[in-house]
Amino acid sequence: MADWFMSLPLWGIIRVSGILSYLLLFAGMMLGILHGMPGNSGRTRAAMFKWHTRCTWSGFLIGIAHGMVIYVDQYSPFTWKEIWIPFTAHTHPVASGLGTLAVYGMLILLLTSDLRNKIKKPLWYMIHLLSYPVFLMSLFHGLFTGSDTGSTPIKLMYALTAIGLAGVTVYRFTLKSGRSKPVKLSR
């Protein structure tokens, strides 16, 4: 079994799982923000919440798999210490450490979301705002450790996701502060 696993294209699996994890976390954040927008109700709101949860959990689990495959990779193997203790990696210690911290942050976000009914709403909301630094840590981890970061499509992916998330966040907080009228989304 181990020989079969080691014969897989591990470097490709590491790259694809990292990018997929990042994109799922991005989608989860976008859906979470859009879920809370005024004008969303009923089935639309419920579907957004369901997909928000699916995307964030899937992104987290694929991110864990991304780290596990790095452990067995022969090209640039990491030790368990380098994977689980931030800033101890032999390669890109800061950017790798940000990836580790992003995993821990996601775990906190997911667990407190599952316990949302047992936590006071203001506390839950403050904890949930950690999703922004977690996203930024994931972004910087990918930008500075990803072997594909030099390619134009990957640069474009990072730019569009960062700009898109920033734009939707600003719009959402503008709506929340009452400076703009909410837009009714049609079904």
Would you mind stating whether residue 144 is open to solvent by 30 Å² or more (accessible area, probe 1.4 Å), assigned to a helix (DSSP H, G or I), in contact (Cβ under 8 Å) with a residue 24 or more places away in the chain and closer than 22 Å to residue 17 by Cβ?
yes
Quick check: is even one residue across region 114-122 open to solvent by less than 80 Å² (accessible area, probe 1.4 Å) and assigned to a helix (DSSP H, G or I)?
no
Does residue 71 satisfy the criteria of being surrounded by 12 or more Cβ atoms within 10 Å (Cβ to Cβ), out of contact with any His (no Cβ under 9 Å at 6 or more places or on another chain), under 30 Å from residue 147 (Cβ atoms) and at pLDDT 95 or above?
no
Residue pairs meeting the criteria (Cβ under 7 Å; at least 6 apart or on separate chains; first in contact (Cβ under 8 Å) with a residue 60 or more places away in the chain, in region 8-25; second among the polar types (S, T, N, Q) and buried (at least 16 other Cβ atoms within 10 Å of the Cβ)):
22/138; 25/56; 25/138
List every residue pair whose Cβ atoms sit under 9 Å apart, with the two residues 6 or more apart in sequence or on different chains, where the first one lies in region 147-174 and is open to solvent by 50 Å² or more (accessible area, probe 1.4 Å) and the second, anywhere, is outside any loop (DSSP other than H, G, I, E, B).
147/11; 147/14; 147/15; 155/143; 171/33; 172/33; 172/34
Scan region 56-77 and report the pairs whose first residue is under 18 Å from residue 25 (Cβ atoms) and whose second residue is among the polar types (S, T, N, Q) and surrounded by 15 or more Cβ atoms within 10 Å (Cβ to Cβ), with Cβ atoms within less than 7 Å and a gap of 6+ or a chain change.
59/21; 62/17; 62/21; 63/21; 65/17; 66/17; 66/21; 69/17
Which residue, of 108, 119, is among the hydrophobic types (A, V, I, L, M, F, W, C) and at pLDDT 95 or above?
108
Restricting region 80-110 to residues that are surrounded by 13 or more Cβ atoms within 10 Å (Cβ to Cβ) and among the polar types (S, T, N, Q), the residue that is nearest to the chain's Cα centre (by Cα):
100
Residue satisfying all of: in region 34-68; surrounded by 19 or more Cβ atoms within 10 Å (Cβ to Cβ) and farther than 25 Å from residue 175 by Cα; modelled with the lowest pLDDT among these
67
When restricted to 71, 158, 75, 125, the only residue under 22 Å from residue 9 (Cα atoms) and part of a helix (DSSP H, G or I) is 71
Just a yes or no: is a residue in region 11-33 open to solvent by less than 20 Å² (accessible area, probe 1.4 Å), modelled with pLDDT under 90 and part of a helix (DSSP H, G or I)?
no
What's the number of the only condition in (1) of a type in the set (A, V, I, L, M, F, W, C); (2) more than 29 Å from residue 7 (Cα to Cα); (3) touching a residue at least 60 places away in the same chain (Cβ under 8 Å) that residue 49 fails to meet?
(3)
So, in region 34-46, how many residues would count as being farther than 15 Å from residue 131 by Cβ, part of a helix (DSSP H, G or I) and without any contact (Cβ under 8 Å) to a residue 40 or more places away in the chain?
3
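The values are calculated or read from the model by the stated rules, or taken from the named source; none is laboratory data. None of these values were measured; they are calculated from a predicted model. Methodologically, a virtual Cβ is constructed for each residue, glycine included, from the backbone with ideal geometry; neighbour enumeration extends over all protein chains shown. For the accessible areas, the whole protein counts, side chains as well, though only heavy atoms, and no ligand, DNA or RNA atoms are used. Shrake-Rupley method; radii C 1.70, N 1.55, O 1.52, S 1.80 Å.
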